[in-house]
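K.L.:
Have a look at the structure that comes next, please.
The values are calculated or read from the model by the stated rules, or taken from the named source; none is laboratory data. These numbers come from a predicted model, not from an experiment. Note: ideal-geometry Cβ built from the backbone for every residue, glycine included; neighbour counts use all protein chains shown.
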Amino acid sequence: MKTQSATNLKVATWNINSVRLRINLVEDFLGGENPDILCLQEIKCTTDAFPLKAIRKAGYEHIAVNGQKGYHGVAIASRVPFKKVEARDFCNKGDARHISVDLDVPGGLTLHNFYVPAGGDEPDPDVNEKFAHKLDFLREMTAFYDGLKRKSENRMILVGDLNVAPLEHDVWSHKQLLKVVSHTPVEVELMNELMASHDWVDVMRRFVPADQKLYSWWSYRAKDWEASDRGRRLDHIWVTPALADAPQSMKVLKEARGWERASDHVPVVASLRL
């Protein structure tokens, strides 16, 4: 079994849309891609119902879970030991949408895993409470990271389903999706503010130029998702300026969308040299 080295770290993020329903896909992914760390979102189970045995059997002894019955939930499975685990209740709604770990690596490193609210269908916070919650959640994330000092020194990775596709080519049609939740101007503006809050670096766009299409999600509603290819980039990997030179490669496992009983999201994997 491969062990994590002191200098290289392979991190994956995946909205699994029920970890117990798709634990076989998780096991296949871990066996095939062999990441050092897997961050899952929308696990849809309580913390004590998380499939620890299967994950540990795959070689991931260190597991942090922030679960919730039937909804939301995030988890981190790692070969790298944790020094600290923390879960913040953004917006004080009791939702399991965040977990972070301090990794036991030289120089230290904090990994944040998020599941940002989807926001419902109507992009109007005055009539749609879910959309208002999403905007407030993004604002609170911005305030949190803006409040962390030593921006040039902090070694952090932020991953997860952020439920915003900020760039023109993060969606299949910029014009048609401007009034669709996940790509509206107000969401994009708030995500830009979030990125600026700690000078975050967009790892995925380091490897795929902004003028090229890049997706991580394809709707279940599409009759033939692959033929229509109407995707969005809702899943992200960011690093702080102290790690700006760390990313060595990135890939989106588009083929995972075609797996049997697949999630509507696919894994995103980045390799970093610390």
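K.L.:
For residues that are under 21 Å from PHE114 (Cα atoms), in a loop (DSSP other than H, G, I, E, B) and among the hydrophobic types (A, V, I, L, M, F, W, C), tally how many sit in the stretch 253-268.
P.N.:
Within the stretch 253-268, residues that are under 21 Å from PHE114 (Cα atoms), in a loop (DSSP other than H, G, I, E, B) and among the hydrophobic types (A, V, I, L, M, F, W, C) number 3.
K.L.:
Which one of SER197, SER182, SER173 is touching a residue at least 40 places away in the same chain (Cβ under 8 Å), touching a helix residue (DSSP H, G or I) at 6+ places or on another chain (Cβ under 6 Å) and polar (S, T, N, Q)?
P.N.:
SER197
K.L.:
Of the numbered conditions (1) within 14 Å of ASN15 (Cα to Cα); (2) basic (Lys, Arg); (3) surrounded by fewer than 16 Cβ atoms within 10 Å (Cβ to Cβ), LYS69 satisfies every one except a single condition; which is it?
P.N.:
(1)
K.L.:
For the stretch 205-238, name all the residues that are of a type in the set (Gly, Ala, Ser) and crowded, with 16+ Cβ neighbours inside 10 Å.
P.N.:
If the condition is that a residue be of a type in the set (Gly, Ala, Ser) and crowded, with 16+ Cβ neighbours inside 10 Å, then SER216, GLY231 are the ones that fit.
K.L.:
In addition: Which of the residues belonging to the stretch 1-56 are polar (S, T, N, Q), part of a loop (DSSP other than H, G, I, E, B) and at pLDDT 95 or above?
P.N.:
Answer for the stretch 1-56, where residues must be polar (S, T, N, Q), part of a loop (DSSP other than H, G, I, E, B) and at pLDDT 95 or above: ASN17, SER18, ASN34, THR46.
K.L.:
Under 8 Å between Cβ atoms, which residue pairs at least 6 apart in sequence (or on different chains) link something in the stretch 44-61 that is within 16 Å of SER78 (Cβ to Cβ) with a partner that is loosely packed, with under 14 Cβ neighbours inside 10 Å and small (Gly, Ala, Ser)?
P.N.:
ALA58/GLY31
K.L.:
Let me confirm something: among GLU189, GLU226, which residue is without any contact (Cβ under 8 Å) to a residue 12 or more places away in the chain, farther than 22 Å from GLU42 by Cα, part of a helix (DSSP H, G or I) and not β-branched (Val, Ile, Thr)?
P.N.:
Among GLU189, GLU226, only GLU189 is without any contact (Cβ under 8 Å) to a residue 12 or more places away in the chain, farther than 22 Å from GLU42 by Cα, part of a helix (DSSP H, G or I) and not β-branched (Val, Ile, Thr).
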